[in-house]
Amino acid sequence: MLKNGEKGVILQRDKETYAIVPHIPLGVITVEFLQKLVEVAKKYEIKAMKITSANRIALVGLREEVIDEVWEKLGVTPGAAIGLCVRSVKVCPGITFCRLGQQDSLNLGAKLDKRYHGKTLPTKFKIGVSGCVNDCAETCIKDLGFIGKPKGWTVTVGGCGGARPMLARKLMKNLSTEDALKIADKIIKFYEENGKKEERLGRFIEKFGWENFCKKILE
């Protein structure tokens, strides 16, 4: 039996079959890849295809002996769906498609995804990028969030959902994309070096002290 995370699998309730979650950066998918998913679903008689909250498509009900073959046919890497790492970056359409967009969320999201997706951290770490204050990427409950406004990006930190939810707090505003990425680097590096295992960023900041955290990041 495979362990959760091994070969990108997630053991299912029946304790016999697995789900896999291919990495689909930003949730933007091509017709060609959709066709591959359909072909795999038919050939291996999967039980379900589930669109996840992180804008990915999980393939549910695969037997262990076909996992390697399925990944080879899909031709993509596993998504970081479990484990102590940066999960997929959740992003709204931004100015590329949405009439309400104020900033290019797809551009910033792609850069964040390329830098951090799967990066090992003290615990799971979620990033959201919303192109306007409607916050369709739910940055308010993300460890690290970016909200597009007319003058630039507002950066938020410390949000999380789950059994003990926390709302994110505003750290900075009016940043360019370049400066937003620099702040992301500082936050993630500081958390990587100082955070405790399985302690979300928001809880870490709570113990470290908000003013102390801001001073460390903004100095």
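Computed from the coordinates by the stated procedures, all read-outs in this text should not be read as laboratory data. For clarity, every value in this text was computed on a predicted model and none was experimentally measured. Note: ideal-geometry Cβ built from the backbone for every residue, glycine included; neighbour counts use all protein chains shown.
What to note about this one:
- Candidate aspartates and glutamates for bridging to residue 15, where Cα separation is under 18 Å - those fewer than 8 sequence places away on the same chain excluded: 6, 45, 64, 65
- Among the listed pairs 142/182; 50/73; 42/126; 7/182; 73/111; 50/186, those whose Cα-Cα separation exceeds 24 Å are 42/126; 7/182; 73/111; 50/186.
- Burial ordering of 123, 96, 139, fewest other beta-carbon atoms within 10 Å first: 96, 123, 139
- Degrees between helix 177-194 axis and first principal axis of the chain (Cα, 0 to 90, nearest 10): 80
- Among the cysteines of the chain, those with no neighbouring cysteine Cβ under 4.7 Å are 85, 98, 132, 140, 160, 214.
- Once the C-beta distance of residue 212 and residue 114 is scaled by a Förster radius of 30 Å, the resulting FRET efficiency is 0.45 to the nearest 0.05.
- Normalised contact order of the chain, rounded percent, pairs of Cα under 8 Å and 6 or more residues apart: 14
- Residue of 87, 63, 13 that the Gaussian network model of the chain assigns the largest fluctuation, springs spanning Cα pairs under 10 Å: 13
- Secondary structure note: in the chain, about 75% of the DSSP beta bridges are antiparallel.
- Gyration tensor (alpha-carbon) shape descriptor, region 1-47, a/c threshold 1.5: oblate
- Residue of 16, 32, 206 that the Gaussian network model of the chain assigns the largest fluctuation, springs spanning Cα pairs under 10 Å: 32
- Region 139-166 and region 167-198 have Cα centres separated by 10 Å.
- Qualifying trypsin sites (Lys or Arg not before Pro) in region 161-218, DSSP loop, other Cβ atoms within 10 Å at most 12: 196, 197
- A straight line joining the Cα centroids of region 4-29 and region 51-122 runs 11 Å.
- Note on residue 76 and residue 189: their simple-model spin labels are 3.2 nm apart, each label 7 Å out from Cα toward Cβ.
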